[in-house]
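Below: one structure, written as structure tokens.
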Amino acid sequence: MKQILATKRLFLREMGQEDYSDLSSLLQDRAVMYAYEHDFTAEDVQEWLDRQLRRYREDGYGLWAMILRETGEFIGQVGLTRQDAAGEEVLEIGYLLKHAFWHQGFASEATEACKEYAFQILHAPKVCSIIKADNIASQKVAKGLGMKKVKEFKKTFYNGQLVNFLYEEKKKMNFQYKITLLKINPSASDTLPD
């Protein structure tokens, strides 16, 4: 699979069909998916995966597998997607982590890398996160990235409209990058350095 970048504890790479089982365990965990207020079926999981594969082809980015460097374990997904925020198309940083990996700093580490990727590689003028109003943990992650709440709006999910906050950070002219992007287009045989 195409490896995108690495952080101190994680590799981020494109997902493929071989990730279906791990993705299912993530998307079918009610604790993880509470914000969607919807139980994901096997078909929903496949549609989610197909959407990422299409994003990779069409946009050059999407939600990537979050792989623990130490063990090679799939622990979640993180990445960049274009989303609608009350009529405005935004570049969103989004993530989902397996429950066993909550509250260990992985979300902050991975989203920081995605923010830097958006600014350095995609030359995005800003990045956003759309967060359900009662998702305090994700709001803390957004604030830790330097994002500010700029809008409150209702967004339609599977079971109706839910109040969401739009967090945003604009690219700074003197932005200092904290990660090293490894290989943007490595071949499948390439390995990432430790």
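I'm trying to understand the selection: among the residues of the stretch 139-149, which are open to solvent by 20 Å² or more (accessible area, probe 1.4 Å), assigned to a helix (DSSP H, G or I) and over 14 Å from Lys115 (Cβ atoms)?
Answer for the stretch 139-149, where residues must be open to solvent by 20 Å² or more (accessible area, probe 1.4 Å), assigned to a helix (DSSP H, G or I) and over 14 Å from Lys115 (Cβ atoms): just Lys140.
Please go through the stretch 34-55 and pick out each residue that is in a helix (DSSP H, G or I), under 28 Å from Phe165 (Cβ atoms) and either of a type outside the set (Gly, Ala, Ser) or under 14 Å from the mean Cα position of the chain (by Cα) (or both). Break it down stepwise before answering.
Taking the stretch 34-55 as the starting set, the residues that turn out to be in a helix (DSSP H, G or I) are 34-36, 42-55.
The next check asks that each one be under 28 Å from Phe165 (Cβ atoms); those that pass are 34-36, 44-45, 47-49, 51-52, 54-55.
Within the stretch 34-55, Tyr34, Tyr36, Asp44, Val45, Glu47, Trp48, Leu49, Arg51, Gln52, Arg54, Arg55 qualify.
Criterion first (open to solvent by 20 Å² or more (accessible area, probe 1.4 Å), modelled with pLDDT of 95 or more and among the β-branched types (Val, Ile, Thr)) does Thr41 satisfy it? Talk me through it step by step, then tell me what you get.
On the way: open to solvent by 20 Å² or more (accessible area, probe 1.4 Å): yes; modelled with pLDDT of 95 or more: no; among the β-branched types (Val, Ile, Thr): yes.
Here the answer is no, as Thr41 does not meet what is asked.
Which residue is farthest from Ala31 (Cα to Cα), if the candidates are limited to the stretch 76-94 and must be in contact with a strand residue (DSSP E or B) (Cβ under 7 Å, 6 or more places away or on another chain) and free of Cβ contacts under 8 Å to residues at least 40 places away in the same chain? Working first, answer last.
If we filter the stretch 76-94 for residues that are in contact with a strand residue (DSSP E or B) (Cβ under 7 Å, 6 or more places away or on another chain), which is where we start, we get 76-83, 85-86, 89-94.
Filter once more, so that each one left must be free of Cβ contacts under 8 Å to residues at least 40 places away in the same chain: 81-82, 89, 91-92, 94.
On the way: Thr81: 23, Arg82: 25, Glu89: 28, Leu91: 26, Glu92: 22, Gly94: 17 Å.
Selected residue: Glu89.
Results for (1) touching a residue at least 40 places away in the same chain (Cβ under 8 Å); (2) farther than 16 Å from Cys114 by Cα, shown as yes or no for each residue.
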residue: Leu5; (1), (2): yes, no
residue: Leu10; (1), (2): yes, no
residue: Arg13; (1), (2): yes, no
residue: Asp19; (1), (2): yes, yes
residue: Ser25; (1), (2): yes, yes
residue: Trp48; (1), (2): no, yes
residue: Arg51; (1), (2): no, yes
residue: Arg55; (1), (2): no, no
residue: Gly62; (1), (2): yes, no
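Kindly provide the set of residues from the stretch 126-138 that are within 12 Å of Ile93 (Cα to Cα) and of a type outside the set (D, E, K, R), ordered by number. It would help to see each step written out before you state the result.
The first filter runs over the stretch 126-138 and keeps only residues within 12 Å of Ile93 (Cα to Cα), leaving 126-131, 138.
Correct list: Val127, Cys128, Ser129, Ile130, Ile131, Ser138.
Take the residues in the stretch 10-33 that are assigned to a loop (DSSP other than H, G, I, E, B) and under 16 Å from the mean Cα position of the chain (by Cα), then tell me which one is surrounded by the most Cβ atoms within 10 Å (Cβ to Cβ). Even if it seems obvious, please write down each step before you answer.
First, pick out the residues of the stretch 10-33 that are assigned to a loop (DSSP other than H, G, I, E, B): 14-16, 28-33.
Of the ones still in play, those that are also under 16 Å from the mean Cα position of the chain (by Cα) are 14-16, 32-33.
Working: Glu14: 19, Met15: 24, Gly16: 14, Val32: 18, Met33: 17.
So, considering only residues that are assigned to a loop (DSSP other than H, G, I, E, B) and under 16 Å from the mean Cα position of the chain (by Cα), the one surrounded by the most Cβ atoms within 10 Å (Cβ to Cβ) is Met15.
The values are calculated or read from the model by the stated rules, or taken from the named source; none is laboratory data. Bear in mind the structure is a predicted one, so any value in this text is a computation, not a measurement. Cβ coordinates were reconstructed from backbone atoms using ideal geometry, including for glycine residues, and neighbour counts include every protein chain displayed. Heavy atoms of the whole protein, side chains included, go into the accessibility calculation; ligands, DNA and RNA do not. Shrake-Rupley method; radii C 1.70, N 1.55, O 1.52, S 1.80 Å.
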